[in-house]
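The values are calculated or read from the model by the stated rules, or taken from the named source; none is laboratory data. Note that this is a predicted model, so its numbers are computed, not measured. In this analysis, Cβ positions are derived from the backbone assuming ideal geometry, glycine residues included, and neighbour counts consider all displayed protein chains. Note: areas computed on protein heavy atoms with side chains; ligands, DNA, RNA excluded. Shrake-Rupley method; radii C 1.70, N 1.55, O 1.52, S 1.80 Å.
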Number of protein chains: 2
Amino acid sequence: MKLLKDKIMSEGIVLNDSILKVDSFLNHQIDPELMMAVGKEFAARFADEKIDKVFTIESSGIACALTTALCLHVPVVFARKQKSELMSSEAYTTKVYSFTKKVTSDVSVLKKFLHEGETVLIVDDFLANGEAALGLADIAHQAGCKVAGIGIVIEKSFQPGHQRLVDAGYHLESLARIKAFKDGKVVFEED
Amino acid sequence: MKLLKDKIMSEGIVLNDSILKVDSFLNHQIDPELMMAVGKEFAARFADEKIDKVFTIESSGIACALTTALCLHVPVVFARKQKSELMSSEAYTTKVYSFTKKVTSDVSVLKKFLHEGETVLIVDDFLANGEAALGLADIAHQAGCKVAGIGIVIEKSFQPGHQRLVDAGYHLESLARIKAFKDGKVVFEED
């Protein structure tokens, strides 16, 4: 997706050999028009599937999930990383390890928002080790949902996530695939 | 806002005399079309202001802030409730107490995303005690930003937040104002 790659080239900051900061448009400040373009692109790439819900995880997945859901005319459900007193015991839960934050979080969704037989599209901002996406897929399967596919805004293809999701049989669509960081610059995979 | 009030009446669940669950369309599952309508309404209510950024707090504020920013053609900045290793010391920070979760969180925004002289519109999903909105306003003032106003999706008018924000001189616009919960039902303020 050229618009996204151009934005990564102009505003992304390569911090070290594994971390790319894109907080000026994706996960701290958000560019709403870019998010709409991302949502349209996900909707187009999964147009062959009959999707009932877009499924993501707080916080950085919410923006791209919302625009995707707008284009697909379906609701978003976002998994929560911590229990609030408003969350009852009636939840599907899984564990997700964050390599960035070096913590394992309980990730939960109330059972009433995912129903057996529904088809969900999993959407998230980043794919590195695949922990979040696999956690969301685990919750979807607990609920008896079909996973139509996994849409990722930015994938670091040199980390294990891509292969783990493909090996698990998921239809994966990443809008920008990064092969490496070289001399402080982003090198994309060929389309 | 009639569409929102109708949704609250049909899907909101009054848990006790102070807690309303609206997690089927606002803060766990999200209704994207309703969020677009909310964004349009905020943009209309603050149309007289020249707004540079929409400013909110993760996670539940992100959806309504994004649609507002789409309508205003400006970026969203969302404050983070916990420090990740991607957040440097170059941040504005304030403390926000959550009566729901009974914890005080450090809320932070990287300084590079709020600039002196900019005008921000603060948007959030709920107003109860006003802690989150006042925390965001505090950060905006630390950055030398003007606060154009505060847009709230659902206000519990019987709790102190409304009066605290009005007393502090802010232009407050709440799309649904709840006067009381009576016999398990929502009673709205008169428009």
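Listed conditions (1) assigned to a strand (DSSP E or B); (2) more than 18 Å from the chain's Cα centre (by Cα) are all met by A:Arg177, apart from (2). If you scan the stretch B:166-191, which residues turn out to be loosely packed, with under 14 Cβ neighbours inside 10 Å and of a type in the set (Asp, Glu)? Residues satisfying the conditions are B:Asp167, B:Asp183, B:Glu190, B:Asp191. In the stretch B:115-135 there is at least one residue that is buried (at least 21 other Cβ atoms within 10 Å of the Cβ), at positive phi and out of contact with any His (no Cβ under 6 Å at 6 or more places or on another chain).
There is at least one residue in the stretch A:12-25 that is at pLDDT 95 or above, within 11 Å of chain B (Cβ to nearest Cβ) and open to solvent by 70 Å² or more (accessible area, probe 1.4 Å). Each residue in the stretch B:144-165 was checked for being assigned to a strand (DSSP E or B) and open to solvent by 40 Å² or more (accessible area, probe 1.4 Å), and 1 pass. Of note, B:His141 does not satisfy the criterion of being open to solvent by 40 Å² or more (accessible area, probe 1.4 Å), within 29 Å of B:Asp6 (Cα to Cα) and either touching a residue at least 40 places away in the same chain (Cβ under 8 Å) or touching a strand residue (DSSP E or B) at 6+ places or on another chain (Cβ under 8 Å) (or both).
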